[in-house]
1. Using alpha-carbon pairs under 8 Å, 6+ residues apart, how would you state the relative contact order of region 74-119 in percent?
2. With θ taken as phi - 60° and the coefficients 6.51, -1.76 and 1.60, list the Karplus ³J(HN,Hα) couplings across region 80-93 in order, rounded to whole Hz; mark glycine and proline as x.
3. Quick one: dipole size for region 82-283, taken about the Cα centre, charges +1 on Lys/Arg Cβ and -1 on Asp/Glu Cβ, in debye to the nearest 20.
4. Non-local amide H neighbours of Trp216 (under 5 Å, H modeled in plane, Pro and chain starts lacking H): which ones?
5. Could you derive backbone 3J(HN,Hα) for region 165-171 from the dihedral phi with the Karplus parameters 6.51, -1.76 and 1.60 (θ = phi - 60°), listing whole Hz in sequence and x where the residue is Gly or Pro?
6. Going by Cα centres, region 228-263 and region 200-217 are how many Å apart?
7. What percent does the relative contact order of region 82-283 come to when contacts are Cα pairs within less than 8 Å and at least six residues apart?
8. Add -39500 (n - 2.57) for each DSSP H run of 4 or more in the chain, then divide by its residues: what number comes out at 222 nm, to the nearest 500 deg cm²/dmol?
Amino acid sequence: MLDGLPASQFQLPSGPWSTVLEALCACFPGVDAATWQDRFARGRVLDAEGSALDASAPYRLGAEILYFREVVDERVIPFAEMVVHADAHLVVACKPHFLPVVPAGAYVHQTLLTRLVRRFDNPALVPLHRIDRDTAGLVLFSANPATRGIYQALFRERRIRKHYLAVAPPLPGLRFPYVHRSRLEPGEPFFRMREGVGEPNSETVIDVVARGVDTWTYRLEPVTGRKHQLRVHMAALGAPILHDRFYPELEDQRPDDPERPLQLFAHTLAFDDPITGEPRRFTATIEPTKSA
């Protein structure tokens with residue numbers, strides 16, 4: 001753990017390299033040799049036991065390497081998360097728009113996980129599920145490795161109920177609640193999804209909670225948990241979620257706009273606690289813009 005960040009793990013694959021430095025340069029072409037050498041010099045590349053490696057350390061097939069990701073000039077996300085609940089086993093946090101759940105790409109420190117690890121001084125925190133960076137709302141974290149598997153089983157066995165709220169154009173031609181099933185598969189570019197032909201592998205229950213003239217507020221219950229499932233399903237029905245930059249068409253890349261956040265919110269999480277047997281229900285502290 002370094003400054004609230006856990007080390008990334010990487011197992012050296014087969015290759016013609018003589019040193020760990022050469023292997024890392026080949027396996028991560030987006031990071032130049034000078035950057036890797038600097039990380040070695042500052043003790044940011046470790047062996048499996050956590051000891052700092054020298055840049056001349058010999059390559060060994062299958063060796064586990066630990067390293068700390070860094071992003072130059074990482075952009076600050078100026079919105080705060082809110083902790084809804086915390087106990088010995090779980091942390092429930094309400095994530096703001098634009099904040100990633102875990103380190104990835106251009107974000108290392110500006111993530112919900114990193115912020116919570118620092119807040120609770122608990123490097124064992126692990127998200128039990130994830131929501132998109134553009135989506136706001138509840139995320140459930142395991143705080144205790146000893147009970148982590150018990151809570152992970154809630155998601156694996158679909159014993160947890162998740163409800164989202166979304167603002168989108170009206171769908172007067174449908175009878176609600178409406179169940180949408182389709183086959184989701186990777187789209188273009190690689191980070192998008194699309195509906196394909198074949199046996200459905202995704203299911204969403206859709207209902208209406210408020211009707212306006214131009215938009216309605218929908219309650220979405222994902223029975224399955226495919227990537228971008230709710231966004232793709234609503235777009236496929238002809239009601240893309242308000243301010244969606246990916247669906248139905250990919251918009252030109254632009255900076256995050258706090259005045260136009262995606263109107264999708266992970267609103268409630270409910271389950272019977274597998275340890276105490278008590279019913280648990282958590283509700284987000286933020287809600288979508290009113291239907292108009």
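1. 32
2. Calculated HN-Hα couplings, in order: 9, 7, 10, 7, 8, 7, 8, 9, 5, 10, 9, 10, 10, 10 Hz.
3. Charge dipole, region 82-283, about its Cα centre: 380 debye, nearest 20.
4. The answer is Ala168.
5. Per residue, the Karplus-derived 3J(HN,Hα) values read 10, 9, 10, 7, x, x, 10 Hz.
6. 15
7. Relative contact order for region 82-283 comes out at 20 percent.
8. -4000 deg cm²/dmol, from helical runs alone.
Where a number appears in this text, it was derived from the coordinates with a stated rule and is not lab data. Bear in mind the structure is a predicted one, so any value in this text is a computation, not a measurement. Note: ideal-geometry Cβ built from the backbone for every residue, glycine included; neighbour counts use all protein chains shown.
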